[in-house]
Amino acid sequence: MLVRSEFFTEADGEPVAVENAGGKGEVLLVCEHASPRMPERYGDLGLSEEALNSHIAWDPGAFAVARLMSKSLDATLIYQRFSRLIYDCNRPPESPAAIRDVSEIFRIPGNENLSEAERSRRTTALYMPFHGRIREEIAARRARGQGTVFVTIHSFTPVYFGRERPVEIGILHDADSRLADRMLRAASDTRLYRVERNEPYGPADGVTHTLEAHALPAGLLNVMIEIRNDLIADETGQGVAADFLTGLLRESLADVQG
Ligand SMILES: [Zn+2]
């Protein structure tokens, strides 16, 4: 059994954090790629400063938007405090993408040729407590009669393998598209963003793990939201996106539940 202090230093702190823990809203926000922070003992994995701050390490802007939505929706927000370079919490332990040794155009030396023991150490330190905390939260809400609408917030890079991505907001879903369908309908006449279904990637790419793990088995309304990160690089952009998505969620929930 991994002792937490063997993985994290005191300065690192806890892997999982919760914002607005007592939020009364029914939306539960989750941000798996909130931070580029590395656990002290892992250093830089042999990466440049540029790579360590890029989209391969985190979803720039996503946490800031999630935080604003947490306020406007009075929603509890659960997020991972460490970089997905160490473990990508939106991937199950058996997925090769949980710990990548190559991400887009970057080689990640510190992730090459990992032993099973090291993979399992990272899974225990980062993935297990994160998903455990989400499970506890959903169970506690059910116990006190608070509904849960499960929403994950991500951002994506505008240029991937040299190709520009025209989509600006992706509304992603797995087998249960009830909420996503309403959101896409509500967004169909907006001039603010180019909004598309399951873009720039979708369930076939393995990106809906968190939805599959928590929302689908419990029959919770759910959606995964992807925002192009150049649109949320500053506070103004983050505010506009958060307002837009808050409005879209409110309207769509009234529709699906009404
Ligand atoms: Zn993400």
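The values are calculated or read from the model by the stated rules, or taken from the named source; none is laboratory data. Given the structure is predicted, the values throughout are model-derived calculations rather than measurements. As a convention, Cβ positions derive from the backbone with ideal geometry for all residues, glycine included, and neighbour counts pool all protein chains shown. To get the accessible areas, we keep the full protein, side chains included, count just its heavy atoms, and leave off ligands, DNA and RNA. Shrake-Rupley method; radii C 1.70, N 1.55, O 1.52, S 1.80 Å.
Enumerate by residue number the trypsin sites (Lys or Arg not before Pro) in the stretch 1-59 meeting two conditions: DSSP loop (anything except H, G, I, E, B), and at most 14 other Cβ atoms within 10 Å of the site's Cβ.
Passing both the DSSP loop test and the Cβ count: K24.
Could you work out how far helix 235-257 tilts from the main Cα principal axis of the chain, as a 0 to 90 degree angle to the nearest 10?
Its long axis makes an angle of about 60 degrees.
Taking the chain as the reference, fit the longest principal axis to its C-alpha atoms, fit the long axis of helix 128-143 to the helix C-alpha atoms, and give the angle between the two in degrees, 0 to 90, nearest 10.
For helix 128-143, the angle is close to 30 degrees.
Using the beta-carbon distance between E40 and R144 and R0 = 25 Å, what value does 1/(1 + (r/R0)^6) give for FRET efficiency, to the nearest 0.05?
0.10
Between A117 and A204, what's the calculated FRET efficiency when r is the beta-carbon distance and R0 is 51 Å? Round to 0.05.
0.95
Report the Cα centroid-to-centroid distance between the stretch 114-165 and the stretch 235-249 in angstrom, as an integer.
Each part reduced to its Cα centre gives a spacing of 22 Å.
Of all beta bridges DSSP finds with both residues in the chain, what is the antiparallel percent, to the nearest 5?
Antiparallel bridges make up about 40 percent of those DSSP assigns within the chain.
Tell me the trypsin sites (Lys or Arg not before Pro) within the stretch 155-258 that lie in a loop according to DSSP and have at most 16 other beta-carbon atoms within 10 Å.
For trypsin sites (Lys or Arg not before Pro) across the stretch 155-258 that sit outside H, G, I, E and B with at most 16 neighbouring Cβ atoms in 10 Å, the list reads R191, R194.
Using only the Cα atoms, work out Rg/Rh for the stretch 1-121, with Rh taken as the Kirkwood radius, to two decimals.
So for the stretch 1-121, dividing Rg by the Kirkwood Rh gives 0.99.
What nm value, rounded to one decimal, do you get for the distance between E94 and D234 when each label is placed 7 Å out toward the C-beta?
Once both label points are built, they end up 4.7 nm from each other.
Using DSSP to define loop residues, name the GluC sites (Glu not before Pro) in the stretch 21-112 whose beta-carbon has at most 15 other beta-carbon atoms within 10 Å.
E94, E104, E112
If you take the charge dipole of the chain about its Cα centre, with +1 on Lys and Arg Cβ and -1 on Asp and Glu Cβ, which of C31, V256, P109 is farthest toward its positive end?
V256
Compute the acute angle (0 to 90°) between the alpha-carbon long axis of helix 62-72 and the principal axis of greatest extent of the alpha-carbon atoms of the chain; round to the nearest 10°.
It is inclined by approximately 40 degrees.
Tell me, what is the per residue accessible area of the chain in Å², probe radius 1.4 Å?
Spelled out: the 1.4 Å probe surface of the chain, per residue, equals 45 Å².
Can you pull the percent of the stretch 66-137's accessible area that's carbon plus sulfur, 1.4 Å probe, other chains left in place?
Accessible surface attributable to carbon and sulfur in the stretch 66-137 totals 51 percent.
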